[in-house]
Amino acid sequence: MKIARQNIVTNLKQLYAVMIGVALSLALMETVVANQRPLPFKIEQVPLLGCLIVLLVPFYHGALRHLDFTYSEKSSNQIRAGALLIDFLILFAQACVFVIAAAFLGDVFAFSWTIVILLVTDSLWGLLAHFAFTHRQDKGLKPEIRWTIINLITAALMASLMLLLPLFGVDGWQGNSSTGIVLLIFVTCRTIIDYWWCWRFYYPIA
């Protein structure tokens, strides 16, 4: 039974990886312009591309570690019935949101609000994974709860920035570079805190 579940987890991780790969490929295609000189890419979109990559890496890493830890490393009596399917559907939906964000690299407002939705959705998933999917036996804050805290704070900062920018006359097609740099700082800080706070989960000590 455990081997069968591990095989299912492996297949689902591969499907998740495909969607993340699509998002990254689309983001690069939206940014790189092969015939453009002197720089073969849209310079104003580089900060937003950086945002996507800096956020995509811990999300992908965390999702795979979550699936491995929850469904392969834990004992089966700690897992609730139907948890794996619901868990994967939510994670797969998040991967689809990454694809949408990649398509919005040319519009800082649309991109930012898509990332805010992604962070809030991931926060709700973290709460659901903690309280509904598994029996809570471990002491301390689980990684899912830590992600919830980090993501809600980051989402609040990004949403505040997007709500304030129109007051200064910046619309969705202006200020991509400067606004993108601020967003990149937010997301980079989020990823650094994520890996620092959840390091032993990402890289467990044998």
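Computed from the C-alpha gyration tensor, the three semi-axes of the ellipsoid equivalent to the chain are 33, 19, 14 Å, from longest to shortest.
I need Leu85, Leu183 ordered by Cβ neighbour count within 10 Å, fewest first.
Values: Leu85 11, Leu183 26.
Exposure proxy ranking, most exposed first: Leu85, Leu183.
Summary of packing: across the peptides 141-149, 194-202, the per-residue average of other C-beta atoms within 10 Å ranks them, highest first, as 141-149, 194-202. Around the amide H of Phe41, modelled in the peptide plane, lie the amide H atoms of Val33, all under 5 Å away and 5 or more residues distant in sequence or on another chain. Each of Phe92, Phe111, Phe98 has some number of other Cβ atoms within 10 Å of its Cβ, and from fewest to most they run Phe92, Phe98, Phe111.
A simple rule links phi to the HN-Hα coupling: the Karplus curve 6.51 cos²θ - 1.76 cosθ + 1.60 with θ = phi - 60°, which for region 149-166 gives 4, 4, 5, 5, 5, 5, 4, 5, 5, 5, 5, 4, 4, 5, 6, 7, 4, x Hz, with x for Gly and Pro.
Sorting Phe41, Phe88 by the number of Cβ atoms found within 10 Å of their own Cβ, with the fewest placed first, yields Phe41, Phe88.
Within the shell defined by Cβ-Cβ distances under 12 Å, the residues around Leu105 carry a net charge of -2, with Lys and Arg each +1 and Asp and Glu each -1.
Using Cα atoms only, what is the angle between the long axis of helix 46-68 and the major principal axis of the chain, expressed in degrees (0 to 90) to the nearest 10? Tilt of helix 46-68: around 0 degrees.
So between Ser25 and Phe92, what do we pick up on full extension, going 0.36 nm a residue minus the alpha carbon distance? Don't skip to the end; give the middle numbers.
Details: separation 67, 0.36 × 67 = 24.12 nm, distance 1.69 nm.
Residue separation times 0.36 nm, minus the Cα-Cα distance, leaves 22.4 nm.
Coordinate-derived values only; no laboratory data. Computed from a prediction, not measured in an experiment: that's the story for all the values here. Cβ sites come from the backbone with ideal geometry, for glycine too, and all protein chains shown count toward neighbours.
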